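What follows draws every value from the coordinates through simple rules; no lab data is involved. In this text, all values refer to a predicted model and were calculated from it rather than measured experimentally. Every residue, glycine as well, gets a Cβ built from its backbone with ideal geometry; the counts of neighbours run over all protein chains shown.
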Amino acid sequence: MNERILIVEDDQAIVRVLKRTLTYEGYNVESEFDGENGYKTYEKFHPDLIILDWMLPGMDGLEFCDRIRSTEDNVPIIMLTAKDTTNDRVMGLDAGVDDYMVKPFEIEELTARIRALLRRTKSERILTLSMADLVLDTSTRQANRGGRTINLTAKEYDLLELFLRHPRQVLIREIIFDRVWGYDFGGESNVLDVYIRYLRQKIEEKGEIRLIHTVRGVGYVMRETP
C-alpha cells in the first residue's frame, strides 16, 4: 500500500492520532496545521486522499476544497468538522467534499471510509489521458497525436503525464522539478526548459497547435488556448 494521505487539521492531538494510525495502516502521511501551508503541501505531495478540517487558520476547509476542485483535481476529500447541521453538510458537499465526519468521531469508522474512497478512486482511475488530439495511454506509456505515434524518453513521458494529469493548471518550476526529477536543480538550471523544448518538438512535429504554454516567471501550463 503506497497511497498518500494529506491531513490538514489544526488540532495537533487529532493529527498525532491520525498520523500514527494511518502510518501503521501502511499509508504515506503528511500533515499541516493551516490552510495555506496545507495547500502548498497538496501541490507538492499530490495526495491520493485528503483529510480536511473545516475551521482552519488562514484558509478554511471550504476555500481549500474550492481551490482544489477549480483545478479539476478529483482527489477524494473527507471533511472533519464540529458543524453538524443539514445546511453545513450541504455546504461541504457543494464545495466538492466526498465524505463528511462530525467530531468527535471513531477512528475505525474514519479508516473504513478512507478505504472505501480509495477503492472507488482506483476503480474509476482513468488509464488514458488526453487533451485536444493528444492521447497518452498510461498503461502502455504510449503517446499519440492525430493518429501518429510519439516516441518519448522516460523523462519526457513523466513530464507529459504530469501536465495531462493537471490540465489548465499552472505548474511552477519547483513542483515540476520535484515530481519529474525528484529534486530542484536550482534557479540557474535550464534543464526543464530544454525538456519542454524536446517535448514540444515531438508533439508539434506535424504543425499541430501548441498545448504546453510558458507562464513567464512562474512555470508552464497545458491548455488548448494560448
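Just a few scattered comments:
- Residue pairs meeting the criteria (Cβ under 8 Å; at least 6 apart or on separate chains; first more than 19 Å from residue 223 (Cα to Cα), in the range 126-141; second not hydrophobic (A, V, I, L, M, F, W, C)): 127/137; 127/138; 127/139; 138/128; 138/161; 141/157
- Residue satisfying all of: in the range 86-106; out of contact with any strand residue (DSSP E or B) (no Cβ under 8 Å at 6 or more places or on another chain) and of a type outside the set (Asp, Glu); nearest to residue 59 (Cα to Cα) among these: 95
- Residues that are more than 21 Å from residue 93 (Cα to Cα), loosely packed, with under 15 Cβ neighbours inside 10 Å and among the polar types (S, T, N, Q), drawn from the range 22-78: 23
- Residue, surrounded by the fewest Cβ atoms within 10 Å (Cβ to Cβ), within the range 153-171, restricted to residues that are hydrophobic (A, V, I, L, M, F, W, C) and in contact with a helix residue (DSSP H, G or I) (Cβ under 8 Å, 6 or more places away or on another chain): 162
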